[in-house]
Amino acid sequence: MTPELDIRNVIILGSGPAGYTAALYASRAGLEPLIIDGGVGSGQGLQGQGGQLTITTEVENYPGFPDGIMGPELMLRMREQVARFGAEFVEELATGLDLTVSPFTVAVGDDAYRCKALIVATGASARWLGLDAERPVWEGGLGGAGVSACATCDGALPVFRGKEVAVVGGGDTAAEEALYLTHFASKVIIVHRRDQLRASAIMQRRLQENPKIDYLWNKVITAIDDPAERKVTAIQLKDTLTGETSRRPVAGVFMAIGHRPNSDLVRDWVELDAAGYIRTHHDVRTTRRGVFACGDVQDTEYRQAISAAGSGCMAAIQAERYLAALEAGAEVDW
Ligand code: NDP
């Protein structure tokens, strides 16, 4: 077991906008945080250093960058800013937790780290269909070259302007993404595996009122063309009722088949909602005293880089106050 002297004030799990912002505030408050950053990701939407923004292209809705900034570059800048204030990094995935009593223990392989307060900022991962084309361009797929899981991040790119694009899924995310894309695309085709959307009534009404929205019902995508051209040219489809196959030319494919919060590690320690998101109160407090959560792992609504950064700030400020109260021997209100 790590000796008492090695007990950290705060450990942060995750290095997306929420984790880095929490680290920035915690380090500037003199808490000397340790960030377990997830290591190098797989590039398939699985979490690694920098989180989901590292698999997007241009980010145009993060304030302070009037000309936009590439997602990976933004995350690198956040990391450099955090490092400047002395935060330490462990470039690995956390593999286990013991949050029975404070100080808490975080396992990273055979190593263990201890802390008085824990900030969970492990984010969420977009669900993908598992097609070859979804792999990033450098792995021989098309991800980043017309295949995306974030219309808000990528929808305004020139490659989609005035073109027909497809959105996969039938829920509220698919509806939102499709409506957003109508600002840029000439037509947005919703590809759904059934003949009924599960999106809320209000979203369905908005879709119906929009003349740019079209549907391909009872269809699944079996392949995306054309990796050889390094761009999206068409989707290959299969009818879920008849098995009939077809092909539809499109310039982009947006996956909107849901997100999965990366909460497996904390599942036994804090309360999650039915979809696996960490339940929080007072914005960022989990059901376990001393454990805070911020960003997409607890955000069922906004899921934006800037809202994640904002909640990372809240988690660090609340952790600082919690630690100050502990230090003073005061009753910690939770
Ligand atoms: P959902 O789980 O609601 O919808 C996912 C959609 O993807 C479903 O239509 C599902 O089909 C389809 N799907 C899932 N897996 C596959 C697959 N392998 N192949 C093809 N299609 C697939 O996820 P959302 O992200 O849309 O929403 C998550 C939650 O967040 C919901 O509670 C939603 O209401 C909420 N939300 C609310 C918003 C708002 O209020 N503005 C905006 C965005 C989300 P099927 O229907 O057949 O299961």
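The values are calculated or read from the model by the stated rules, or taken from the named source; none is laboratory data. For clarity, every value in this text was computed on a predicted model and none was experimentally measured. Backbone-built Cβ (ideal geometry, glycine too); neighbour counts: all protein chains shown. Protein only, heavy atoms only, side chains kept; ligands, DNA and RNA dropped before computing areas. Shrake-Rupley method; radii C 1.70, N 1.55, O 1.52, S 1.80 Å.
Of the residues screened, Gly169 is one that is within 16 Å of the ligand (Cβ to nearest atom), more than 30 Å from Glu327 (Cα to Cα) and open to solvent by less than 60 Å² (accessible area, probe 1.4 Å). For Thr2, the requirement of being more than 17 Å from Ala293 (Cβ to Cβ), modelled with pLDDT under 95 and not assigned by TED's automatic domain parsing to the domain that holds Gln304 is met.
Only residues that are at pLDDT 95 or above, more than 16 Å from the ligand (Cβ to nearest atom) and open to solvent by 20 Å² or more (accessible area, probe 1.4 Å) were counted across the range 226-242, and they come to 2.
Pairs meeting the criteria (first residue in the range 125-141 and open to solvent by less than 50 Å² (accessible area, probe 1.4 Å), second residue within 16 Å of the ligand (Cβ to nearest atom) and of a type in the set (Lys, Arg), beta carbons under 9 Å, at least 6 apart or on different chains) are Ser125/Arg260; Ala126/Arg260. With the requirement that a residue be within 16 Å of the ligand (Cβ to nearest atom) and open to solvent by 10 Å² or more (accessible area, probe 1.4 Å), what does the range 95-124 give you? Correct list: Gly123 only. Here is the figure for the range 183-215: residues that are assigned to a strand (DSSP E or B), surrounded by fewer than 19 Cβ atoms within 10 Å (Cβ to Cβ) and within 12 Å of the ligand (Cβ to nearest atom) total 0.
Has the range 249-262 got at least one residue that is outside any strand (DSSP E or B) and either without any contact (Cβ under 8 Å) to a residue 12 or more places away in the chain or farther than 28 Å from Arg198 by Cα (or both)? Taking every residue of the range 249-262 in turn, none turns out to be outside any strand (DSSP E or B) and either without any contact (Cβ under 8 Å) to a residue 12 or more places away in the chain or farther than 28 Å from Arg198 by Cα (or both).
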